[in-house]
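The values are calculated or read from the model by the stated rules, or taken from the named source; none is laboratory data. Since we're looking at a predicted model, the values are computed, not measured. Cβ sites come from the backbone with ideal geometry, for glycine too, and all protein chains shown count toward neighbours.
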Amino acid sequence: MTVLTRQQMAWRAAQDLLDGNYVNLGIGIPTLAARHIPAGREVIFHSENGVLGMGPAPKPGEEDKDLIDAGKGLCTLVAGGAFVHHADSFVMIRGGHLDVSLMGAFEVSEQGDLANWTTEDPSFPPGVGGAMDLAAGAKQVRVLMEHTSKKGEPRIKRRCSLPLTAPGVVKRIYTNLAVIDVTAEGLIVREMVQGMDLAGLQAVTEPKLQLAADWRTLSPP
Amino acid sequence: MIDKRVKTVNDAVAGIRDGSTVLVAGFGDVGIANSTIEALQAQGARDLTIVSNNTGNGDYGLARLITSGHVRKVICSFPRSGDYSGFVEAYNAGRIELELVPQGTISERLRCAAAGLGGFFCPVSAGTRLAQGKETREIDGRPYVFEKPLKGDVAIVKAHKADRWGNLTYRKSARNFNPIMAMAADLTIVEASQFVELGELDPECVVTPGIFVDRVFVLGSHP
């Protein structure tokens, strides 16, 4: 069976970002999607700290300490980009002006509930950042995560066991095994990796999965 | 003649009282007025409530203000950023209270205070733990949470350029919370990298007009 790498997962999510989309990429695997946008498409990246038109990390010698991304790493601005203050940045997020918020997650439920802000680890203070804003505000929320936890437990659950970031917001889940849509009729498997079948995928997924009639093999380059 | 400049950074923080709510702009280490925050620590006001996105780094700036015991409470979205060991130590020892607020809700609560509004209904956090104890209302079939305005006694702002009226511009992503916090406090203190003469800033590009600004400290202007 061909389990996807993090780069391949990011590649798959990037294929669904369309020409002209305004997109926020969450910290972690979603960030990697920026380098996999198909040639010929203009996708504009938003960073919550007031950067619209975020470009890749700077080349050596071109670093600017006043230009960072949401993860506080150095970034660049593309031609046509703009800087805004925080209230306007979150108008873009909360007001439904972003086409896609691509986020990491700890858990997603079959209703599309998203849990990605706290593991309730008592050894450090909780932090929410812009996660709840992005989950509640973007036109479409898509999740990019490993199919199971490090212990092999399903992350797609009947109900999330961790505190929610937002209820009922996730529309599509990309994992290292499959592409799954969250619909009113339940979870629909659109794509599975080479060598995976529905029974195998169901074994690592809590809620019931349905296989789309036109499902395809998920094969990265 | 209006000249909002102060001679020293100590003059910038003069008169800030114990128990003040202090808005500290910045995102991580960018666009944060470290010299002014350190002067506030030296000034000695205690029992402060700090509103800031993060909780400082290392042993300087906001982290120093926290570790030296001047802060009673932090209202922030993400305390864990960079080397936040100063905050964690105070938090784990129970010396500091944390109110966690979604990032956009902080900026909009500040904007409400700046605009004289009594709060707003926000979809963010509806149905989550962070909405517990707050009034909720369904509007057009969607649940919203009532959020109150958040006003500062003091705002500490980092600008790129300032003139003597307190007109300000910012630099790249160092803008972040600065223009919003500048509007949302009774006393707005600016730490500017550069001073320019009146009329030098293109009026089309002034981000914070001087009406919101009380004191301007220009970095490097120490006698």
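Numbers below:
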read-out	value
Cβ-Cβ under 6 Å pairs, at least 6 apart or on other chains, region B:23-46 side of a type in the set (Asp, Glu), far side at pLDDT below 95	B:29/B:57
Exclusive hit being over 14 Å from the mean Cα position of the chain (by Cα) and facing chain B (nearest Cβ under 10 Å), set A:3, A:51	A:51
Residue A:194 being in contact (Cβ under 8 Å) with a residue 40 or more places away in the chain, more than 14 Å from chain B (Cβ to nearest Cβ) and surrounded by fewer than 17 Cβ atoms within 10 Å (Cβ to Cβ)	yes
Filter result (within 13 Å of chain A (Cβ to nearest Cβ) and closer than 14 Å to residue B:214 by Cα) within region B:181-202	B:181, B:182, B:183, B:184
Identity of the residue in region A:97-118, more than 13 Å from the chain's Cα centre (by Cα) and facing chain B (nearest Cβ under 10 Å), that ends up farthest from residue B:124 (Cα to Cα)	A:118
Test: residue B:127 is without any contact (Cβ under 8 Å) to a residue 40 or more places away in the chain and either out of contact with any strand residue (DSSP E or B) (no Cβ under 9 Å at 6 or more places or on another chain) or farther than 26 Å from residue A:118 by Cβ (or both)	no
Single condition residue B:178 does not satisfy, out of (1) over 10 Å from the mean Cα position of the chain (by Cα); (2) facing chain A (nearest Cβ under 10 Å)	(1)
Out of B:2, B:32, sole residue that is more than 28 Å from residue A:128 (Cβ to Cβ) and among the hydrophobic types (A, V, I, L, M, F, W, C)	B:2
Qualifying position, being free of Cβ contacts under 8 Å to residues at least 40 places away in the same chain, within 24 Å of residue A:209 (Cα to Cα) and not hydrophobic (A, V, I, L, M, F, W, C), among A:110, A:153	A:153
Single unsatisfied condition, residue A:67 versus (1) within 12 Å of chain B (Cβ to nearest Cβ); (2) within 26 Å of residue B:124 (Cβ to Cβ); (3) surrounded by 14 or more Cβ atoms within 10 Å (Cβ to Cβ)	(2)
One residue from B:159, B:114 being over 14 Å from residue B:51 (Cβ atoms), small (Gly, Ala, Ser) and surrounded by 14 or more Cβ atoms within 10 Å (Cβ to Cβ)	B:159
Evaluation of residue A:127 against (1) within 17 Å of the chain's Cα centre (by Cα); (2) in a loop (DSSP other than H, G, I, E, B); (3) within 14 Å of another protein chain (Cβ to nearest Cβ) (one fails), failing number	(1)
Answer from A:76, A:31 - the residue that is of a type outside the set (A, V, I, L, M, F, W, C), without any contact (Cβ under 8 Å) to a residue 60 or more places away in the chain and closer than 22 Å to residue A:127 by Cβ	A:31
Among (1) in contact with a strand residue (DSSP E or B) (Cβ under 8 Å, 6 or more places away or on another chain); (2) part of a helix (DSSP H, G or I) - the single one residue B:186 does not satisfy	(2)
Within region A:139-175, considering residues that are part of a loop (DSSP other than H, G, I, E, B) and under 11 Å from residue A:110 (Cα atoms), the one farthest from the other protein chains (Cβ to nearest Cβ)	A:155
